[in-house]
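Let me begin by presenting the structure, written as structure tokens, before commenting on it.
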Amino acid sequence: MDKQAQILAFASETFDVAGANGNILILGLETRPDRDIDAFATDGKQYCFIGFRKHFAPKIKATIEQINALGHRAKQLRYSGNVNMKRLAIVAGLGAWGKNSMVLHPRFGTRLRFGALELDITLSTEVHDERTIFAGCANCDACIRACPLNLLRPFALTEKEKCQAYLDLDDPTKTQRCDLCQIACPH
């Protein structure tokens with residue numbers, strides 16, 4: 001087995017889903033009651049993403065260590081204006097856009113949370129269409145109807161800053177979260 005295949009195999013065993021696009025390795029874990037990746041706390045000054053730190057970070061660390069042991073380097077990509085994890089996941093073939101503007105996966109629905117590593121080795125040259133639409137959304141508007149602020153249009157969130165599911169990293173006093181569009185999603 002070549003090094004690329006070894007890296008993808010380890011990532012697939014460690015995470016619920018794993019895929020690659022070029023030298024970017026996309027990793028996904030399902031958030032669920034016994035593994036709440038979305039859990040966070042705030043002291044009013046900053047957020048602490050305790051769910052990510054508890055469940056995701058150790059797996060990321062183990063994956064980086066495995067890549068290093070194979071003689072390659074990897075660094076974790078952080079969420080930022082330049083890194084769109086949802087787009088990276090779709091291009092890597094890990095799902096498709098849902099009407100709620102989230103990545104929908106055939107097995108995990110909207111419950112996947114993503115992280116990414118940038119490697120010094122190309123893992124895949126296959127690129128999936130970033131405009132891929134989840135087929136189950138064609139005749140369904142449950143998520144759109146569930147939004148209490150009417151912010152969803154098919155496959156688009158019209159005003160991210162008003163969406164109560166997003167944490168405003170500049171305002172750690174906000175502690176309410178709304179996931180009604182995800183809860184309503186039958187997929």
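No lab work stands behind these numbers, since they all come straight from the coordinates. These numbers were taken from a predicted model, which means no experiment stands behind them. Neighbour counts run over all protein chains shown; Cβ positions are idealised from the backbone, glycine included.
Dipole check for the chain: with +1 at the C-beta of Lys and Arg, -1 at the C-beta of Asp and Glu, and the Cα centre as origin, the magnitude is about 200 Debye. Annotation note: trypsin sites (Lys or Arg not before Pro) in region 1-103 located in DSSP loop regions with a Cβ neighbour count of at most 10 within 10 Å are 45, 78.
For 124, 12, the sequence from fewest to most other C-beta atoms within 10 Å is 12, 124.
Judged by a Cβ-Cβ distance under 4.7 Å, the unpaired cysteines of the chain are 48, 137, 140, 147, 163, 178, 185. Between 33, 106, 148, the Gaussian network model of the chain with springs among Cα atoms under 10 angstrom shows the greatest mean-square fluctuation at 33. Contact order for region 3-134, expressed relative to its length and based on alpha carbon pairs under 8 Å spaced 6+ residues apart, stands at 34 percent.
Identify all aspartates and glutamates with a Cα-Cα distance to residue 162 below 17 Å; exclude those on the same chain that are fewer than 8 residues away in sequence. Result set, ordered by chain and number: 170, 171, 179.
Quick one, which of (1) 1.06; (2) 1.71; (3) 1.34 is the actual Cα Rg over 2.2 N^0.38 Å calculated for this model? Matching entry in (1) 1.06; (2) 1.71; (3) 1.34: (1). In plain terms, the residue of 103, 17, 127 with the fewest other Cβ atoms within 10 Å comes first and the most crowded comes last, giving 127, 17, 103.
Of all the options 64, 121, 133, the one that moves most in a Gaussian network model of the chain with Cα springs shorter than 10 angstrom is 121. Per-residue ellipticity at 222 nm computed for the chain from its helices equals -6000 deg cm²/dmol, with DSSP H segments shorter than 4 residues left out and the rest contributing -39,500 (n - 2.57). Each residue of region 6-19 is assigned a 3J(HN,Hα), and the resulting list reads 5, 5, 5, 5, 4, 4, 5, 7, 8, 10, 5, 9, 8, x Hz, derived from the Karplus form 6.51 cos²θ - 1.76 cosθ + 1.60 (θ = phi - 60°), x at Gly and Pro.
Across the chain, the longest run free of exposed loop sites, meaning GluC sites (Glu not before Pro) lying outside DSSP classes H, G, I, E and B with no more than 13 other Cβ atoms within 10 Å, spans 1-125. Loop-located trypsin sites (Lys or Arg not before Pro) across region 104-165 with a Cβ neighbour count of 12 or fewer within 10 Å are 107, 131, with loop assigned by DSSP.
For a test of understanding, tell me how many lysine pairs in region 1-144 have Cα atoms under 22 Å apart, given they are 8 or more places apart or on different chains. The number of close lysine pairs in region 1-144 is 12.
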